[in-house]
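Peer 1: My structure is below; once you've seen it, I'll send some questions.
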Amino acid sequence: MVATMDDTKRLAIAMKLADIKAVQEFLIANEQRFISATTDSELVKRFQDMLKDDQKNLGILDTVIVQYGVQSEPKETITEMVKKLDEMMSGSELTLFEKVFQHELLKHQQVMSGIVIHKAAQKVGADIEAAIAPLNTVNFENRAHQEQLKGVIELLGVRELTGMDADQGLWARVQDSVAALTGVVGSVVTQTTDKSDMNIQDVLRMDHQKVNVLFAEIKGTQDPAKRKEFFMQLSGDLRAHAIAENEVAYPAVRGKYAESDLQELYDEQNSWFPALDAMEKMDMTSDEFMSSLNRLMDEIMDHVRQEESTFFAALRDNFSDQQLEQIASEFKAKKSEVQRQAAGM
């Protein structure tokens, strides 16, 4: 496939998402170090709460990257930056105050990177906006952490300079800000509970929503390059989704879901591969292509209706929340593997 300008933009967004993930992993390592570096019980509790949020948000980032459907490695400069910062943070040259100060700056970087991705998505495609919606949760929680870290920095800085505790007037303002931000997060999209991951139904539903948006984008443009861009994204998403369901989601319910219904789901998905192969070779401005597209869309929407009713019910009725989250993690890992193989990574 010849790359179009918007393919290049999609790859740039994929790299930025990989950058955010690399920094997120570093933030987690930092917070683990901070917990070990202080005996102040209140600070330990605050770092532990941040760590719990950031570990959950790493799972959300994995979801976003897999839903986005374009894999990338972090930018080399980000990898080098994280490596150098890791050396500083694990060493003894910086005080805890100075380390937390740098940590807060990284939180700001994460927030701004997330906002930039959302703005870029508005320019490239509605399917990207659908895929990255959970990133809102990460953005808002990182913003809340910034407010909490201001209080930590104030406390540590005054202790370092004077050997005494600061008046904690800032803590009240911090808590008000965090409460306000938490209220926003609660209305955003994914996880405001103690869940460690989204469940498999949530992940599959996101796949379905994105595919529906891509169909609308293909049908809504007469630009041959845009139509090809959207269709190739659709093709890649459907292939990765089908393989992951065939190898992870469907085997999980065997014996707990009518075998004839399960086989129907397998057969329907397997029929997409030759249809997609044929459509990729067509003139995408032709009536033949649009007829094939409408036929494929009808078949997929019927498939989705069955999944979101009887198949989802079998999942809900036979698995615990933890088991459903584990299936989701395995499904995302398989999708990521397929995507990376398709990208030659």
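The values are calculated or read from the model by the stated rules, or taken from the named source; none is laboratory data. No experiment lies behind these values; they were computed from the predicted model shown. So basically every Cβ, Gly included, is an ideal-geometry build from the backbone, and we count neighbours across all protein chains shown. Remember, those area values only see protein heavy atoms, side chains included, never the ligands or the DNA or RNA. Shrake-Rupley method; radii C 1.70, N 1.55, O 1.52, S 1.80 Å.
Peer 1: Just to be sure I understand, how many residues within the range 296-314 are in contact with a helix residue (DSSP H, G or I) (Cβ under 6 Å, 6 or more places away or on another chain) and not aromatic (Phe, Trp, Tyr)?
Peer 2: 4
Peer 1: While we're on this one: Scan the range 311-324 and tell me whether some residue there is farther than 22 Å from THR63 by Cβ and open to solvent by less than 30 Å² (accessible area, probe 1.4 Å).
Peer 2: yes
Peer 1: Further, regarding this structure: Name the pairs whose Cβ atoms lie under 9 Å apart, with the first residue in the range 284-295 and in contact (Cβ under 8 Å) with a residue 12 or more places away in the chain and of a type in the set (Ser, Thr, Tyr), the second in a loop (DSSP other than H, G, I, E, B) and open to solvent by 20 Å² or more (accessible area, probe 1.4 Å), and 6 or more positions between them or separate chains?
Peer 2: THR285/GLN222; SER292/MET282
Peer 1: Assess whether GLU129 counts as being part of a helix (DSSP H, G or I), closer than 24 Å to VAL338 by Cβ and not hydrophobic (A, V, I, L, M, F, W, C).
Peer 2: Judged against the criteria, GLU129 is a match.
Peer 1: If you don't mind, there's one more thing I want to ask. Determine, yes or no, whether GLN67 is within 19 Å of GLU25 (Cα to Cα), of a type in the set (S, T, N, Q) and open to solvent by less than 10 Å² (accessible area, probe 1.4 Å).
Peer 2: Taking the combined requirement at face value, the residue does not satisfy it.
Peer 1: Now for a separate question. Please list, ordered by first then second residue, the pairs with beta carbon atoms under 6 Å, 6 or more apart or interchain, first in the range 33-50 and of a type in the set (Gly, Ala, Ser), second part of a helix (DSSP H, G or I).
Peer 2: Listed pairs, sorted by first residue: ALA37/LEU96.
Peer 1: Sort through GLU229, GLU245, GLU325 and tell me the only one that's modelled with pLDDT of 95 or more and either of a type outside the set (Val, Ile, Thr) or over 30 Å from GLU73 (Cβ atoms) (or both).
Peer 2: GLU245
Peer 1: Same structure again: Kindly indicate which of ALA278, ALA225, ALA244 is within 22 Å of GLU337 (Cβ to Cβ) and part of a helix (DSSP H, G or I).
Peer 2: ALA244
Peer 1: Of everything in the range 217-276 that's β-branched (Val, Ile, Thr) and touching a residue at least 60 places away in the same chain (Cβ under 8 Å), which residue is most open to solvent (accessible area, probe 1.4 Å)?
Peer 2: Among those that are β-branched (Val, Ile, Thr) and touching a residue at least 60 places away in the same chain (Cβ under 8 Å), it is ILE243.
Peer 1: Still on this structure, please answer the following. If a residue must be surrounded by fewer than 17 Cβ atoms within 10 Å (Cβ to Cβ) and either among the aliphatic types (A, V, I, L, M) or over 21 Å from SER260 (Cβ atoms) (or both), how many such residues does the range 298-310 contain?
Peer 2: The total comes to 2.
Peer 1: So TYR68 clears everything in (1) within 20 Å of LYS332 (Cα to Cα); (2) modelled with pLDDT of 95 or more except one condition, right? Which one?
Peer 2: (2)
Peer 1: Name the residue that is surrounded by the fewest Cβ atoms within 10 Å (Cβ to Cβ), counting only residues in the range 32-56 that are polar (S, T, N, Q) and not in a loop (DSSP other than H, G, I, E, B).
Peer 2: SER41
Here's the yes/no breakdown for (1) touching a residue at least 40 places away in the same chain (Cβ under 8 Å); (2) surrounded by 17 or more Cβ atoms within 10 Å (Cβ to Cβ); (3) more than 22 Å from the chain's Cα centre (by Cα); (4) assigned to a loop (DSSP other than H, G, I, E, B):
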residue	(1), (2), (3), (4)
PRO74	yes, yes, no, yes
THR79	yes, no, no, no
LYS84	no, no, yes, no
MET89	yes, yes, yes, no
LYS99	yes, yes, yes, no
GLN110	yes, yes, no, no
SER113	yes, yes, no, no
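Peer 1: Something else now. Do you know which residues across the range 63-90 are under 27 Å from ARG33 (Cα atoms) and in contact with a Gly (Cβ under 8 Å, 6 or more places away or on another chain)?
Peer 2: none
Peer 1: Can you tell which of ARG340, ARG295 is open to solvent by 60 Å² or more (accessible area, probe 1.4 Å), at pLDDT 95 or above and in a helix (DSSP H, G or I)?
Peer 2: Sole residue among the options that is open to solvent by 60 Å² or more (accessible area, probe 1.4 Å), at pLDDT 95 or above and in a helix (DSSP H, G or I): ARG295.
Peer 1: Here's another thing I want to ask about it. Looking at the range 103-118, is at least one residue out of contact with any Gly (no Cβ under 6 Å at 6 or more places or on another chain) and at pLDDT below 90?
Peer 2: Yes, the range 103-118 contains a residue that is out of contact with any Gly (no Cβ under 6 Å at 6 or more places or on another chain) and at pLDDT below 90.
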